[in-house]
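J.: Could you have a look at this structure, given as structure tokens, before my questions?
The values are calculated or read from the model by the stated rules, or taken from the named source; none is laboratory data. All values reported here derive from a predicted model rather than from experimental measurement. Virtual Cβ from ideal backbone geometry, glycine too; neighbours counted across all protein chains shown. Please note that ligands, DNA and RNA were not included when accessible areas were found on the heavy atoms of the full protein model with its side chains. Shrake-Rupley method; radii C 1.70, N 1.55, O 1.52, S 1.80 Å.
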Amino acid sequence: MGMTILRRMAAATGITLLAAVFTMSAHAADPIKIGSFLSVTGPASFLGDPELKTLEMYVEQINENGGVLGRPLELIHYDDQGNASSARSFASRLIRSDRVDIIVGGSTTGATMASVPLVEQAGIPFISLAGAVVITDPVKKWVFKTPQSDRMAAERILEDMKDRGFTKIGLISGTGGFGASGRTQTLNVAKRMGMEIVADVTYSGSDTDMTAQLTNIRNTKGVEAVLNFGFGQGPAIVTRNYDQLGMKLPFYQSHGVASDSFLRLAGKAAEGLRLPGSPLLVPESIPEGDPQKNIVRNYKAEYEAKWGQSVSTFGGYAYDGLMLAVNALEAAGSTDKAAVRDALEGIQGYVGVTGEFNMSPDDHNGLDPDSFRILEVVNGGWVLID
Amino acid sequence: MFSEFLQFLFTGVTIGATYALIALGFTLIYNASHVINFAQGEFLMIGGMATVSFMALGLPMPLAITLAVLLSGLMGVLLQRFAIAPAKKADVVTLIIITIGASIFIRGLAQLLWGKQYHVVPNFSSDEPIRILGAVMNTQSLWVLGIGTVVVVALVLFFTRTMIGKAILATSMNKQASRLVGIKTQFVLMLAFLVSALLGGIAGVVVAPITFTSYDIGIMLGLKGFVAAAIGGLGSGVGAVVGGLCLGIVEAMAAGYLSSDYKDAVAFSMILLVLFFMPRGLFGAKVVERV
Amino acid sequence: MFDQFMKVRLRGMIVLAIIVVVIPLFLTNPFQYDLATQILIVGGAVVGLNLLVGFAGQISLGHAGFFGLGAYFTGIMTGTYGWPAVPTLLLGAAVVGAIAWIVGRPILRLKGHYLSMATLAVGFIIAIIINNESQLTGGPDGMPVPALDLFGWELSSFGLYSFFGIEFDGYELWYFFAGLMLLLAVWLAQNLIDSPIGRGLRAVHGSEVAARVVGVDTAKYKSLVFVISAVYASITGSLYAHFQGFITPAVAGFDFSIILITMVVLGGMGSTYGVILGAAVLTLLPQVLADFQELEMVMFGLILMLTMIFMPKGLLPTLGSMAGKRFAKKTGGQP
Amino acid sequence: MTALVEVKGLDKAFGGVHAVENVSFSVDAGQVYSVIGPNGAGKTTLFNLITGLYTPTGGEIRLNGETTNDLEPNQLAERGMCRTFQQMQICMNMTAIENVMLGRHLKLKSSLFTTLFRLPGLLRDEKSARQRAADLMEYVGCGDYLETEASAMSYGALKRLEIARALAADPKVILLDEPAAGLNAVETAALEQLIRRIADEGTTVMLVEHDMKLVMGISDHLLVLNYGRVLAEGTPSEIRNNPDVIAAYLGG
């Protein structure tokens, strides 16, 4: 008997599906709609997960405080699972079906770029949370982003290396979007700065051992420092393998692992490595009087109290994205898309978790490389170096 | 130069031993039911993740591991009972899709239960790596190899010395005939899933300190295990072990000597090459077409 | 009797055409057109895959590789090198067909799970190449693709067009264009199936030995259907690239291969209209489940499992036989 | 005149075990030639060798004077050889008439282009193939099943269907592997009629069969195999009186 019911259920699924799709859409017009598509699950979930949590938490908080322009915010979000095609579909849904007023989302560069043509065509302000420099260079009319670009990260790392007198670098990078784009930027920046990449190896996101690649770097003559550009669990494995191989060269990671969970995974192997990161990881080290100090401290405290897990830089991108959107909405005084876009472009001196944003028609990112702080792992915690 | 080679070899053998353990799980189920179980990777995931969460509850590591492996075994039984058994008349491809559905379902549950973060399982013993002739090896790699060997020996004994093991083998040879001599095939199939899931759970626990663990770790490892099983020849235990080691070593050597970008492509090309010359893998049974 | 066959085939096509024309009456916004168009395009790919899997009984777990090759050939040639779209699409199909022929000859000797392993490997290798050759393909972050240029007339889903004084939005035109392409794909597939060649193919599935002893060169036929299904994938991949305007290596990836084969199996292997239903269900399901947030994955897995356990023949054939034999003859099962 | 099928010193070993060993014989055109022997004597293996499903490990097979050792079954079909199987090989995913039309495969040479666009040439060919298939089904006695799904047919009807499929290729020689197995007396009698008719109309028939009454009744020549070797060869009466055969087989 149970079988029959189940069979009927299965049969009904198909019909329900069709019906369900047609009944999507149609919401009340009152609230300001913030649309978002994030990689909440899948290989980039450590980006999307804290981003979504941040958005949910602050939308709720803003509404408790009376909303924006006297209207509540409504967050409509979808999980693209790290797949760019789904991201594009969801962007289409947000724009055309949910008719959102602004989009804050796009955890990965692929997801962001896949949605850009739609966004540009529809003319809707879009604040991306992804890293690669291609998102805002060249500038696209409707597209903004909150994280520093990977080019800035490369610049910041290589500068620090140069300051310490290293010019020959061994590079290891992930083959995912973040690592591959970071690798390209590192190669370009190194050339410009007169530094040399003497070893250049990669690993894929699902690899479980990078000893072979690191052995090659170790055996390359003249390497003075090693940089790993990647995100996810891969860099933690790289860090451990690095330690196991007994490699003593100065080791750098990218901002892709700037989170406490990385330290948890890599353990004592992370000791001594440096990376460019947000002051979010070292709120107590920021000098008193720095305008970022309070914002960072509050965000960290609120996030950790609400979700019971440590903050990551990525959640900070979402925080800034949401706040930039709110600022622009308030400055524009309406949800008129062109006005909001212009307001976004005109934002000056907004201090966020990631840094101080100064947007302009030529710069839809608005951060300068110094917003990255060089951090070092000392005794299992982050220490601000620069 | 030799130390470099040795290093690649160590790396390859460690990864390969992992693949071999997973491939053995595939082989067991394939032998008993001719199903390729795409949810095999999820058993690994359960082994690793459950260990993490039992340890977080304050259980001592050996107990946490035991419970995790048992939980994984339970999952195997449930999978056979509720997903494979009701669909016994289905096509091969249909069964594959069912196991894919099951793996997504299990992964979804794990995500609800344990969240999306990566977790660490501590090394079973010292964190200090061992140095041999200029190459290093993680102590956990020795655990993987050691437990892998124990598991293989145990499986051999199980299939040659115990009634249950022999019953599974008999069922894999000929369902009809074994039913005639009184073997309950459904029960035997369930046993095969149980043993295979236990195996997966064990593999998941021993590799977790090396690979970390998360709700979606099973996808790629499961796939690699299937690849290893196919190179070795589906249904062959020796094949699974040799296939796993081959795959691991080829990946490491390709990453070390050829191109890290294309190491996976090299591994997949090797599979094509093996199948080209040996259409049933390295140790697959030769079957004469009967008409 | 023969005419009756023709009628059944035609009737199926007419029903499909009517559905394609009627659906827009229920579509209320461009997003829904967007989904519907995706279904029509991917539907074409699975109609081709069904020739291989459903009719010839050969499993492929790497078919997205060919879809991705078509998409990237179009993306690179029309985008980077400015080639005209239609000739590029056709040339891409020829190139992909040739590649399929070259890899198909050796791997199609394999049987069962070994064949699925080999196709999986081929798909993976293609995806890895697309991912790594970032100079050409833009790497993992993907590349933009220009709008479809039909001999000087640009079809963009963002455009606005006017025919005989009636205004059409680009997304509406894309929908109908994709619908037309799907009908063409179905027509060609039906013609192939209901022919001596098609009987040869089905015999490879039914009894390969029987096929060989009556003179069917099964090796040649397997290669042929492999190539044809790859060409289907390539052309639909090209269309998909133009339609989406942006492609990433995910279009060639293992996940998408699995989705394609699942569409075939879920909809009903060997049922041309069934697999289109499969494409529709698997495209809509994630959109519907998106509202369930973190329950999405559990529900997706559960639905997939239950459907396959209780409807092992697939949705359309099962629904068809539930609605009575007559209906089944017309739409499901064998044409 | 040369023999239609000629086998010389044929050998087939599976991992050291000889299923067929040093077998020689020849079949003239127009004959009904039967192979008999106890179970496991190598009869089906012999048929599989002749029709190209197995490759011999030694010896030679000739069809119409041409050596065919290395030819594929489909190449043999092109040269006029067709067969049925002890364990029936019917395409259960097709209708009955489609199965027979499959047998017509070699006579239908439309190109892929013609097929895809369903050009008139194809339609003409299909129509005549369908007609021919329907006639053949009538001929073998399963004319009532034209549009029936093969999976819905009875065992006896499928047996006849398989013969119709083999005949559809207009073969010079047809090999029937235990066509009477599982049939009742009435069906067997009809089968005997059918085989005789096929032979009378000029198609050579090779037969593996256990039903001695049937075999002795219609065969022109017999080959007796035992343990893969030739035990005896000759006309039915010679075989009936051969002491070796009686000792090993007939007499039990």
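J.: Tell me the residue from D:Leu119, D:Leu123, D:Leu112 that is among the aliphatic types (A, V, I, L, M) and under 18 Å from D:Ala133 (Cα atoms), please.
T.: Result: D:Leu123 is the single residue among D:Leu119, D:Leu123, D:Leu112 that is among the aliphatic types (A, V, I, L, M) and under 18 Å from D:Ala133 (Cα atoms).
J.: Look through B:Val35, B:Val93, B:Val77 and report the one residue that is outside any helix (DSSP H, G or I) and either within 13 Å of chain C (Cβ to nearest Cβ) or of a type in the set (Val, Ile, Thr) (or both).
T.: B:Val35
Conditions tested, residue by residue: (1) farther than 30 Å from D:Asp144 by Cα; (2) at pLDDT 90 or above; (3) within 14 Å of another protein chain (Cβ to nearest Cβ).
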site: D:Glu21; (1), (2), (3): yes, yes, no
site: D:Thr45; (1), (2), (3): yes, yes, yes
site: D:Thr55; (1), (2), (3): yes, yes, yes
site: D:Gly58; (1), (2), (3): yes, yes, no
site: D:Glu78; (1), (2), (3): no, yes, yes
site: D:Cys82; (1), (2), (3): no, yes, yes
site: D:Ala96; (1), (2), (3): no, yes, yes
site: D:Asn99; (1), (2), (3): no, yes, yes
site: D:Gly103; (1), (2), (3): no, yes, yes
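One line per residue, one yes/no per condition, for (1) modelled with pLDDT under 90; (2) facing another protein chain (nearest Cβ under 7 Å):
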{"position": "C:Gly159", "(1), (2)": "yes, no"}
{"position": "C:Asp169", "(1), (2)": "yes, no"}
{"position": "C:Trp174", "(1), (2)": "no, no"}
{"position": "C:Ile197", "(1), (2)": "no, yes"}
{"position": "C:Arg202", "(1), (2)": "no, yes"}
{"position": "C:Ala210", "(1), (2)": "no, yes"}
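J.: Could you please give the count of residues in segment A:294-311 that are open to solvent by 10 Å² or more (accessible area, probe 1.4 Å) and either closer than 13 Å to A:Gly355 by Cα or in contact with a strand residue (DSSP E or B) (Cβ under 9 Å, 6 or more places away or on another chain) (or both)?
T.: Taking segment A:294-311 and keeping what is open to solvent by 10 Å² or more (accessible area, probe 1.4 Å), we get A:294-295, A:297-298, A:300-302, A:304-310.
Keeping just the survivors that are either closer than 13 Å to A:Gly355 by Cα or in contact with a strand residue (DSSP E or B) (Cβ under 9 Å, 6 or more places away or on another chain) (or both) gives A:294-295, A:310.
The qualifying residues number 3.
J.: OK, next. Can you work out which of the residues in segment C:220-252 that are among the small types (Gly, Ala, Ser) and at the interface with another protein chain (Cβ under 10 Å from one of its Cβ atoms) is most open to solvent (accessible area, probe 1.4 Å)? Walk me through how you get there before you give the answer.
T.: Pass one, segment C:220-252, residues among the small types (Gly, Ala, Ser): C:223, C:229-230, C:233-234, C:237-238, C:241, C:245, C:250, C:252.
So of that shortlist, the ones also at the interface with another protein chain (Cβ under 10 Å from one of its Cβ atoms) come out as C:245, C:250.
Values: C:Gly245: 14, C:Ala250: 39 Å².
Looking at the filtered set, the residue picked out is C:Ala250.
J.: Out of (1) surrounded by fewer than 18 Cβ atoms within 10 Å (Cβ to Cβ); (2) in contact with a Pro (Cβ under 8 Å, 6 or more places away or on another chain), the odd one out for A:Pro361 is which?
T.: The single condition A:Pro361 does not satisfy is (2).
Conditions tested, residue by residue: (1) within 25 Å of A:Phe229 (Cα to Cα); (2) at pLDDT below 90; (3) assigned by TED's automatic domain parsing to the domain that holds A:Pro72.
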site	(1), (2), (3)
A:Trp307	no, no, yes
A:Ser312	yes, yes, yes
A:Asp320	yes, no, yes
A:Leu324	no, no, yes
A:Lys337	no, no, yes
A:Ile347	no, no, yes
A:Asn358	no, no, yes
A:Asn365	yes, no, yes
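J.: For segment A:36-48, give me the residue count where each residue is within 12 Å of chain B (Cβ to nearest Cβ) and either assigned to a loop (DSSP other than H, G, I, E, B) or not aliphatic (A, V, I, L, M) (or both).
T.: 9
J.: Something else now. Select from segment C:178-208 the residues that are in a helix (DSSP H, G or I) and in contact with a Pro (Cβ under 8 Å, 6 or more places away or on another chain) and list them in ascending order. Let's see the steps before the verdict.
T.: Going residue by residue through segment C:178-208, those that are in a helix (DSSP H, G or I) are C:178-193, C:196-206, C:208.
Of everything in segment C:178-208, those that are in a helix (DSSP H, G or I) and in contact with a Pro (Cβ under 8 Å, 6 or more places away or on another chain) turn out to be C:Gln190, C:Ile193.
J.: Please go through segment A:107-129 and give me each residue that is closer than 23 Å to A:Gly232 by Cα, at pLDDT below 95 and in contact with a Pro (Cβ under 7 Å, 6 or more places away or on another chain), ordered by number.
T.: Once the filter is applied, which keeps residues that are closer than 23 Å to A:Gly232 by Cα, at pLDDT below 95 and in contact with a Pro (Cβ under 7 Å, 6 or more places away or on another chain), segment A:107-129 yields only A:Gly110.
J.: Further question: What do you reckon, is C:Gly278 surrounded by 24 or more Cβ atoms within 10 Å (Cβ to Cβ), assigned to a helix (DSSP H, G or I) and more than 11 Å from chain B (Cβ to nearest Cβ)? Walk me through it before giving the result.
T.: Numbers: surrounded by 24 or more Cβ atoms within 10 Å (Cβ to Cβ): yes; assigned to a helix (DSSP H, G or I): yes; more than 11 Å from chain B (Cβ to nearest Cβ): no.
Against the criterion (surrounded by 24 or more Cβ atoms within 10 Å (Cβ to Cβ), assigned to a helix (DSSP H, G or I) and more than 11 Å from chain B (Cβ to nearest Cβ)), C:Gly278 does not qualify.
J.: Yes or no: segment B:114-134 includes at least one residue that is more than 14 Å from chain C (Cβ to nearest Cβ), without any contact (Cβ under 8 Å) to a residue 24 or more places away in the chain and either of a type in the set (Phe, Trp, Tyr) or open to solvent by less than 30 Å² (accessible area, probe 1.4 Å) (or both).
T.: Within segment B:114-134, one or more residues are more than 14 Å from chain C (Cβ to nearest Cβ), without any contact (Cβ under 8 Å) to a residue 24 or more places away in the chain and either of a type in the set (Phe, Trp, Tyr) or open to solvent by less than 30 Å² (accessible area, probe 1.4 Å) (or both).
J.: Show the residue pairs meeting these rules: Cβ distance below 7 Å; 6+ apart or different chains; first residue within segment A:190-201 and touching a residue at least 24 places away in the same chain (Cβ under 8 Å); second residue open to solvent by 60 Å² or more (accessible area, probe 1.4 Å) and part of a strand (DSSP E or B).
T.: These pairs meet every condition: A:Ala190/A:Glu196; A:Glu196/A:Lys168; A:Val198/A:Lys168.
J.: Against the definition (crowded, with 24+ Cβ neighbours inside 10 Å and either assigned to a helix (DSSP H, G or I) or modelled with pLDDT under 90 (or both)), how does B:Gly284 come out, yes or no?
T.: Working: crowded, with 24+ Cβ neighbours inside 10 Å: no; either assigned to a helix (DSSP H, G or I) or modelled with pLDDT under 90 (or both): yes.
It is false that B:Gly284 is crowded, with 24+ Cβ neighbours inside 10 Å and either assigned to a helix (DSSP H, G or I) or modelled with pLDDT under 90 (or both).
J.: Only one residue in C:Asp217, C:Asp255, C:Asp291 is farther than 25 Å from C:Gly70 by Cβ, away from chain D (no Cβ under 14 Å), open to solvent by 10 Å² or more (accessible area, probe 1.4 Å) and not basic (Lys, Arg), so which one is that?
T.: Only one candidate passes the filter, namely C:Asp291.
J.: Scan D:Ala134, D:Ala96, D:Ala150 and give me the residue that is open to solvent by 10 Å² or more (accessible area, probe 1.4 Å), under 24 Å from D:Glu187 (Cβ atoms) and small (Gly, Ala, Ser).
T.: D:Ala134
J.: Then there is this: Can you find even one residue in segment B:58-73 that is at pLDDT below 90, open to solvent by 10 Å² or more (accessible area, probe 1.4 Å) and either within 14 Å of chain C (Cβ to nearest Cβ) or in a helix (DSSP H, G or I) (or both)?
T.: No, every residue in segment B:58-73 fails to be at pLDDT below 90, open to solvent by 10 Å² or more (accessible area, probe 1.4 Å) and either within 14 Å of chain C (Cβ to nearest Cβ) or in a helix (DSSP H, G or I) (or both).
J.: Taking the condition open to solvent by 30 Å² or more (accessible area, probe 1.4 Å), within 14 Å of chain C (Cβ to nearest Cβ) and among the aliphatic types (A, V, I, L, M), does D:Leu123 pass?
T.: Taking the combined requirement at face value, the residue satisfies it.
J.: Can I ask one more? Which members of segment C:63-83 meet the condition of being of a type outside the set (Phe, Trp, Tyr) and modelled with pLDDT of 95 or more?
T.: The answer is C:His63, C:Ala64, C:Gly65, C:Gly68, C:Leu69, C:Gly70, C:Ala71, C:Thr74, C:Gly75, C:Ile76, C:Met77, C:Thr78.
J.: Now for a separate question. Do we find that D:Leu191 is under 16 Å from D:Asp28 (Cα atoms), touching a Leu at 6+ places or on another chain (Cβ under 7 Å), at pLDDT 90 or above and outside any loop (DSSP other than H, G, I, E, B) in this structure?
T.: no
J.: Determine whether A:Glu51 is modelled with pLDDT of 90 or more, surrounded by fewer than 19 Cβ atoms within 10 Å (Cβ to Cβ) and not in a strand (DSSP E or B).
T.: It is false that A:Glu51 is modelled with pLDDT of 90 or more, surrounded by fewer than 19 Cβ atoms within 10 Å (Cβ to Cβ) and not in a strand (DSSP E or B).
J.: Condition check: crowded, with 24+ Cβ neighbours inside 10 Å and over 30 Å from B:Asp264 (Cβ atoms). Does A:Pro138 satisfy that?
T.: no
J.: Among (1) assigned to a loop (DSSP other than H, G, I, E, B); (2) surrounded by fewer than 24 Cβ atoms within 10 Å (Cβ to Cβ), there is one condition A:Asp160 misses while meeting the rest; what is its number?
T.: Unmet condition: (1).
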